[in-house]
Amino acid sequence: MTRMEYRHLKQSRLSWRLPVAVLAILCLTVSNSAGAKDRSNYCTKTAKLVREACFAEAKDDLMRTRANCINVSDRTERGECFKEARESRSEAIEECRDVFDARKDVCDAVGEDRYDPSFEAADFVDPDAIGDTIDPNPYFPLVVGHEWVYEGNGETITVTVTNKVKMVDGVPCRVVSDTVMVGGFPIEITDDWYAQHENGDLWYCGESVRNYEVFSDDLPVEAELVDIEGSWKAGRERAKAGISHFFSPQVGTTYRQEVFLGDAEDVVEVLSITESESTPGGSCSGNCLMTRDFTPLDPGVNEYKYYVPGIGQILEIDAEGNRIELVSFSE
């Protein structure tokens, strides 16, 4: 993922998917072993199984590349193809191990329990009542018409709460439009889906992502849709929702925003609720929420975010100190 609170952290990682039969074997393996051994380390067991899936995908990629290499006529070029295939597999295996270590760190932070949160329609409010008869979450006021504009790193990011509702696993979720522009062209357009729990917590229900590229030789030059990587939906392919913003965050809490193994695994740590910061679109003095946002899919990469109660996110700072700042907020 990637990204503002409203978009995934961008990840350069091995993308893997296993055939249904292989997944069934893995599920059977963990079921059988759990019956004979300690059943409590569910988080670590999950990380181990996903690591094996990652190894399998690395081997699959190697075999496919070799199949292409044998069809290269030039001997020298063919040799380079095989060499690159071996190097790519080695890099992929190393990445699988790094991600496994990062997942273990997440387990240490959130605990070893199964990740199986209750996500039932009866526990969530009518999205149309938010801001009317129901108070919005102060750190992301999910009120129709609210719009945030951010700038930084050459990007302009516009986040708008639409009047649309997406039903996700039976839960009514508000559609939030997120558009990232670079040089006048869209590079990412996302529909994020959020639901507000009756206790005020906001849940992240999924997202529909469209990623674009611009090719300067095209006439006319237009943004071309290249993939939908990062898309997921709670209840589909065993993806699960998570809390995006607590109504009353507690310092020291670490929690999952989403779980779609191998694709969406964002995690948040609450660092402070007494920070001070300033941006063109909003400021705080001793009352800002500060979080560390990260994902085991991109080990070692952290983003630090600041939220003003009643406005929402005003700032994101990456590990290099680059700032994406709120420049305007309209209600």
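No lab work stands behind these numbers, since they all come straight from the coordinates. Owing to the predicted nature of the structure, the values given are computational and were not obtained by experimental measurement. When we count neighbours, we look across all protein chains shown, and the Cβ atoms used for this are built from the backbone with ideal geometry, even at glycine.
Using only alpha carbon pairs under 8 Å that are at least six residues apart, calculate the relative contact order of region 35-149 and give it in whole percent.
34 percent
Overall shape: prolate for region 236-331, with the ratio a/c of the largest to smallest alpha carbon gyration tensor axis at 1.5 or above and a/b above b/c.
When every Cα-Cα distance of region 84-152 is counted in 10 angstrom steps from zero, the calculated P(r) takes the values 14, 20, 20, 28, 14, 4, 0 percent.
Taking each of LYS48/LYS233; LYS104/LYS164; LYS59/LYS305; LYS45/LYS305; LYS59/LYS104 in turn, the alpha-carbon distance tops 29 angstrom for LYS104/LYS164; LYS59/LYS305; LYS45/LYS305.
Packing around the peptides 106-114, 170-178, 158-166, taken as the average count of other Cβ atoms within 10 Å per residue, puts them in this order, highest first: 170-178, 158-166, 106-114. The slack between GLU331 and ASP105, meaning 0.36 nm per residue of separation minus the straight C-alpha distance, is 77.4 nm. The Cα center of region 85-131 and the Cα center of region 178-204 differ in position by 19 Å.
When the Cα convex hull of region 35-175 is projected onto planes of every orientation, the mean area is 15.6 nm².
Calculated from the structure, mean projected area of the Cα convex hull in nm² equals which of (1) 20.0; (2) 17.3; (3) 21.6? The listed entry that was calculated here is (1). Once the Cα-Cα distance is subtracted from the 0.36 nm per residue extended length, the VAL226 to SER90 segment shows a gain of 46.3 nm.
For ASP318 and ARG114, the difference between the fully extended length at 0.36 nm per residue and the C-alpha to C-alpha distance is 70.4 nm. Rg/Rh for region 221-281 stands at 1.13; both radii use Cα atoms, and Rh follows the Kirkwood definition.
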